[in-house]
Amino acid sequence: MKILVVGSGGREHTLVWKLYQSEKVKKIYAAPGNDGMQELAEIVDLAADNIQGLADWAAEHNIDLTVVGPEKPLVAGIVDEFEKRDLRIFGPSREAARLEGSKVFSKQILDEYDIPTAEYEVFTELDRALNYLQQVGNYPHVIKAEGLAAGKGVEIVQNFEQASEAVNKIMGKKAFGEAGDRIVVEDFLEGREVSVLALTDGEQVLPLVPSQDHKPVFDGDEGPNTGGMGAYSPPPFVNQKLEEKIHRTILRPTIEALQDRGIKYKGILYAGLILTESGPRVLEFNVRFGDPEAQVVIPRLKSDLVEAMELTIDERLEEAELEWSAQSAACVMLASGGYPLTYETGFEIKGLEDLEQYDDLLVFHSGTRKEGTKFVTDGGRVLGLTVLGSSLLFTIDKVYQYLEEIEFEDMHYRTDIGFQAVNYLEGSGDVE
Ligand code: GLY
């Protein structure tokens with residue numbers, strides 16, 4: 001098979017790495033990919049949101065399967081375009097992808113079908129939003145831009161002053177463009193966050209192993225949200241009973257709700273959850289693999305991912321059985337100083353060759369490019385280092401040991417990835 005992976009980050013590098021292991025695969029292409037993938041995939045110079053260009057290219061090159069990494073092309077309808085041309089593609093249709101593309105749509109689905117989530121209000125006018133936020137009290141609240149904002153359109157506000165700043169930024173200054181035409185204001189929920197991803201063919205739902213992301217840029221969950229600064233799997237506080245509850249009360253009802261509306265969802269459904277005292281609740285849905293969650297979930301998968309994706313597309317997911325490694329995985333993202341705000345790129349990354357000696361380490365490139373024989377930084381998130389090991393605490397320690405060997409100017413990473421798991425396992429009872 002010839003496979004085209006769409007996207008250019010660490011998630012896509014992880015997908016390329018995993019798909020390459022399938023006996024079914026002869027060749028992998030990545031569009032636009034990144035230079036770190038070049039050993040495994042041929043780079044195609046087409047942007048991830050160039051839907052017509054990608055479809056033309058896939059048809060011309062007889063691609064057997066296209067796998068879409070990022071949300072933007074999914075929300076813009078890449079799957080519909082490929083299917084129209086009889087090209088095989090893994091991912092949800094444009095209509096199904098509204099679950100991520102529209103915060104209002106996903107809240108309406110949750111609300112209408114009694115799937116647990118936070119109470120919310122929707123505003124299309126700035127003044128009304130401010131009036132509400134002035135009167136509502138009981139801060140903190142969460143303010144979300146309606147559409148895609150690269151993970152940055154969500155703000156937790158502690159008081160009216162912060163709320164008004166956030167609303168003015170999103171709706172007034174349109175910091176995220178049209179995504180600010182409407183906002184959702186939600187109650188803030190307390191609890192640990194987990195990411196639960198599942199394969200679904202629109203009927204069957206097959207959950208993957210759970211993981212936990214760390215969105216804020218600084219230790220202790222301080223600072224602005226990023227795409228994710230690190231992840232680990234499995235979270236020790238998610239037991240099988242809880243996994244079953246998430247399946248029963250969230251994943252399955254969501255797919256059934258979409259079915260009820262005549263929408264067939266095929267691909268990865270990503271539920272961003274919070275584990276409250278009264279049970280798991282949905283914070284958000286995404287319609288693709290998470291990043292960095294993919295960097296810890298996919299390496300734990302022993303089964304053939306191509307086969308699982310094909311069964312999903314063919315609506316035969318009941319035939320799929322996923323085998324998982326009992327090992328834990330921990331990933332720390334190395335980022336450019338200043339990310340997620342402003343940062344410089346083009347700095348040489350030193351020490352990459354030294355990491356090649358470690359068998360339990362995977363290095364996925366997010367934002368790098370090659371200059372001559374050297375890699376330089378080329379994005380906010382630069383590299384993801386993932387260690388697989390027999391215990392979670394061990395893997396976390398190991399990943400921090402290994403990353404000491406990498407160096408680039410202004411390098412930034414969180415030093416506390418997995419802190420909730422560590423606190424839980426060590427029984428400190430600290431606020432997590
Ligand atoms: N890590 C969060 C996301 O992929 O949206």
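The values are calculated or read from the model by the stated rules, or taken from the named source; none is laboratory data. Since this is a predicted model, take the numbers as computed values, not measurements. Backbone-built Cβ (ideal geometry, glycine too); neighbour counts: all protein chains shown. All accessible areas refer to the heavy atoms of the entire protein, side chains included, with ligands and DNA or RNA removed. Shrake-Rupley method; radii C 1.70, N 1.55, O 1.52, S 1.80 Å.
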List, please: which pairs have Cβ atoms under 8 Å, are six or more places apart or on different chains, and start with a residue in region 210-222 that is over 25 Å from residue 243 (Cα atoms) and within 9 Å of the ligand (Cβ to nearest atom) and end with one that is of a type in the set (Asp, Glu) and open to solvent by 10 Å² or more (accessible area, probe 1.4 Å)?
-> none
Does at least one position in region 326-337 carry a residue that is at pLDDT 95 or above, among the aliphatic types (A, V, I, L, M) and more than 18 Å from residue 10 (Cα to Cα)?
-> yes
Would you check if there is a residue in region 46-60 being on the phi < 0 side of the Ramachandran plot, of a type in the set (A, V, I, L, M) and in a strand (DSSP E or B)?
-> no
Of everything in region 266-321 that's within 11 Å of the chain's Cα centre (by Cα) and in a loop (DSSP other than H, G, I, E, B), which residue is farthest from the ligand (Cβ to nearest atom)?
-> 287
Considering each of 355, 362 in turn, give the residue that is open to solvent by 10 Å² or more (accessible area, probe 1.4 Å) and outside any loop (DSSP other than H, G, I, E, B).
-> 362
Subset of region 365-378 (residues that are open to solvent by 10 Å² or more (accessible area, probe 1.4 Å) and either touching a Leu at 6+ places or on another chain (Cβ under 7 Å) or outside any strand (DSSP E or B) (or both)) | 365, 366, 372, 373, 375, 378
Any chance residue 102 is under 30 Å from residue 154 (Cα atoms), surrounded by 22 or more Cβ atoms within 10 Å (Cβ to Cβ) and under 24 Å from the mean Cα position of the chain (by Cα) | no
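Conditions (1) assigned to a loop (DSSP other than H, G, I, E, B); (2) away from the ligand (no atom under 16 Å from the Cβ); (3) modelled with pLDDT of 95 or more; (4) at positive phi, marked per residue:
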position	(1), (2), (3), (4)
149	yes, no, no, no
152	yes, no, no, no
155	no, no, no, no
170	no, yes, no, no
175	yes, yes, no, no
178	no, yes, no, no
184	no, yes, no, no
Scan region 208-222 and give yes if some residue there is open to solvent by 10 Å² or more (accessible area, probe 1.4 Å), at pLDDT below 95, on the phi > 0 side of the Ramachandran plot and out of contact with any Lys or Arg (no Cβ under 9 Å at 6 or more places or on another chain), otherwise no.
-> no
Answer yes or no: is there a residue in region 237-259 that is open to solvent by 10 Å² or more (accessible area, probe 1.4 Å), closer than 20 Å to residue 327 by Cα and near the ligand (Cβ under 10 Å from one of its atoms).
-> no
Scan region 72-92 for residues that are surrounded by fewer than 24 Cβ atoms within 10 Å (Cβ to Cβ) and within 18 Å of the chain's Cα centre (by Cα) and jot them down.
-> 72, 75, 76
Which members of region 401-415 meet the condition of being among the charged types (D, E, K, R), surrounded by fewer than 17 Cβ atoms within 10 Å (Cβ to Cβ) and in contact (Cβ under 8 Å) with a residue 24 or more places away in the chain?
-> 405, 407, 409, 410
